[in-house]
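*Asks:* Questions regarding the structure given below will be posed in turn.
The values are calculated or read from the model by the stated rules, or taken from the named source; none is laboratory data. Please read these numbers as outputs of a predicted model, since none were measured by experiment. Don't worry about glycine lacking a Cβ; one is built from the backbone with ideal geometry, like all the others, and counts go over all protein chains shown. Areas reflect the complete protein model, heavy atoms only, side chains present, ligands, DNA and RNA absent. Shrake-Rupley method; radii C 1.70, N 1.55, O 1.52, S 1.80 Å.
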Amino acid sequence: MKFNLLTVKEIVKLTADAVQISFDVPEELHEEYNFLPGQYITLNINGERRDYSLCESPNDKKWSIGVKSQPNGKISSYLANELKVGDQLEVSTPSGRFTIPTKPNEKRTLLAFTAGSGITPIMSMLEFTLQTEEWVNFHIFYVNRDENSIMFKERLTELKQKYPNNVFIHHFYTRQDQENFIYNGRIDEKKFDLILNQIIDINEVDEAMVCGPEEMILTLAKKINEAGIIEKHIHFEMFNPSVKTEDIFTKHDEGPQTVQVTVTLDGETSEVTWDRGKNLIDTMLDAGIDAPYSCKGGVCSSCMCKITEGEVHIGDNYVLTDSDYEEGMTLACISRPKTATLAIDFDEV
Ligand code: FES
């Protein structure tokens, strides 16, 4: 994860409280800023880091994010209301694991459930897939307060017009009644069952994506799995998780109070003393090592690393897969020492 100072090239109003911000990425940085549909960049604003998903197709060489001003959200409100074209921001290179494989020669069905600004990474996946997969059926089930709060409304309509046989957008409103009652309100378990009965044949679905608030993800990922889609083909990205790191660790209190850890990052190996009262990211930052991080809460995956010696306790998270655990991966921000010696490698990810 590397940060560069990038200039804001364009700001487009999407709704009353949301904007699309585009950055000027100089030609010499294009390779470093290459991304997969669904990935995000991290902004560092006065020492505070926030992740924002990229919303354009990587094919178009545009680096744009969608930002919705959140109640009490200092950073999102600054970005949505005060940022100007020509301003410069510290922007990281793209990362993130909310991606799906590309299959240009197959006829396949993709399913996305999203709400509010959760549409942002889906826009990138949608546009890229439509550009590259002639036979795709891409269904989006998108929840908003009402018609006026739909982010990317015009672009969604244009894509539907351009690819009428490939894209199917189903708008749900929580505060605006629609003729067909199925589209009124959030997508809960009951609504999901109705969707399966009336709109989608789950047996035809190849990949399912869920992007939105934690409750939506937990409910729908479970339902999709119960309906027959195996975990490997269910992808999700959580916005605003409710679990705090302190809560994660109340149950993991066994292990040495301090350990010497060997950390390898960007080809350099250093020794740090890690006190279990502090997370490894802050320990490294205090030691002058530029540890990669963003959320510090087990959500974004920026701090993923490999344990090459010893063991750690790993807090609850929605990032690591079974194969990650088998390969010895962990998230530095939610790990606590379990053994007296430890070696951790950030480069082997
Ligand atoms: S910093 Fe986000 S998962 Fe660790």
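*Asks:* Ignoring ligands, DNA and RNA, what percent of the 1.4 Å accessible area of segment 3-95 is carbon and sulfur? Don't skip to the answer; put the middle values down first.
*Replies:* Details: 1950 of 4370 Å².
Whole-percent figure for carbon plus sulfur exposure: 45.
*Asks:* With θ taken as phi - 60° and the coefficients 6.51, -1.76 and 1.60, list the Karplus ³J(HN,Hα) couplings across segment 100-111 in order, rounded to whole Hz; mark glycine and proline as x.
*Replies:* Calculated HN-Hα couplings, in order: 10, x, 9, 9, x, 9, 10, 8, 9, 10, 10, 10 Hz.
*Asks:* Another one. Quick query: amide H of GLU10 versus all other amide H atoms, modeled in the peptide plane; which residues come in under 5 Å with a sequence gap of 5 or more or a different chain?
*Replies:* Answer set, sorted by chain and number: SER22.
*Asks:* A further question on this structure: Express the accessible area of segment 245-345 per residue in Å², computed with a 1.4 Å probe while the remaining protein chains stay in the model.
*Replies:* Accessible surface, normalised per residue, equals 46 Å².
*Asks:* Turning to a different aspect of this structure: Taking a spot 7 Å from the Cα of TYR318 along the direction of its beta carbon, which residues of segment 207-221 have an amide N less than 16 Å from it?
*Replies:* In segment 207-221, the label zone of TYR318 (backbone N under 16 Å from the point 7 Å along Cα→Cβ) covers 208-221.
*Asks:* With all protein chains present, how much of the accessible area of segment 108-238 (probe radius 1.4 Å) comes from carbon and sulfur, to the nearest whole percent?
*Replies:* Working: 2680 of 6010 Å².
Of the solvent-accessible surface of segment 108-238, carbon and sulfur hold 45 percent.
*Asks:* Continuing with this model, one more query. Starting from a Cα-only point model with no solvent, please compute log10 I(q)/I(0) by Debye for segment 4-80 at q = 0.16, 0.24, 0.25 1/Å.
*Replies:* Here the Debye-derived log intensity ratios amount to -0.59, -1.27, -1.35.
*Asks:* Let me ask you something else. Which whole-number value in Å² is the accessible area per residue of segment 1-84, probe 1.4 Å? Please list the in-between numbers first.
*Replies:* Details: 4140 Å² over 84 residues.
Each residue of segment 1-84 exposes 49 Å² on average to a 1.4 Å probe.
*Asks:* As a check on your grasp of the helix formula, calculate [θ] at 222 nm for the chain: sum -39500 (n - 2.57) over DSSP H runs of n ≥ 4, divide by the residue count, round to the nearest 500. List each step's numbers first, then the result.
*Replies:* On the way: 8 runs with 72 residues, N = 349.
My calculation for the chain gives -6000 deg cm²/dmol from helical runs alone.
*Asks:* Quick one: which residues, 5 or more positions from ALA112 or on another chain, have an amide H under 5 Å from its amide H? H modelled 1.01 Å from N in the peptide plane, none for Pro or chain starts.
*Replies:* So ALA112 has HN proximity to HIS139, ILE140, PHE141, MET209.
*Asks:* Could you check how much of the accessible area of segment 245-345 is carbon and sulfur, as a whole percent, using a 1.4 Å probe? Write down the numbers at each step before the final one.
*Replies:* Working: 2020 of 4640 Å².
Carbon with sulfur: 43 percent of the solvent-accessible area.
*Asks:* Points 7 angstrom from Cα along the Cβ direction at GLU28 and GLN131: gap in nanometres?
*Replies:* Simple spin-label model gives 2.5 nm for this pair.
*Asks:* Right, here's the next one. Over segment 108-238, give the accessible area per residue in Å² for a 1.4 Å probe, as an integer. List each step's numbers first, then the result.
*Replies:* Working: 6010 Å² over 131 residues.
Accessible area per residue: 46 Å².
*Asks:* Within segment 39-139, which trypsin sites (Lys or Arg not before Pro) sit in a loop by DSSP and count at most 13 neighbouring Cβ atoms inside 10 Å? Kindly include the intermediate steps, with their values, before the conclusion.
*Replies:* Details: sites: ARG49, ARG50, LYS61, LYS62, LYS68, LYS74, LYS84, ARG97, LYS107, ARG108; in loops: LYS61, LYS62, LYS84, ARG97, LYS107, ARG108.
Those satisfying the criteria are LYS61, LYS84, LYS107.
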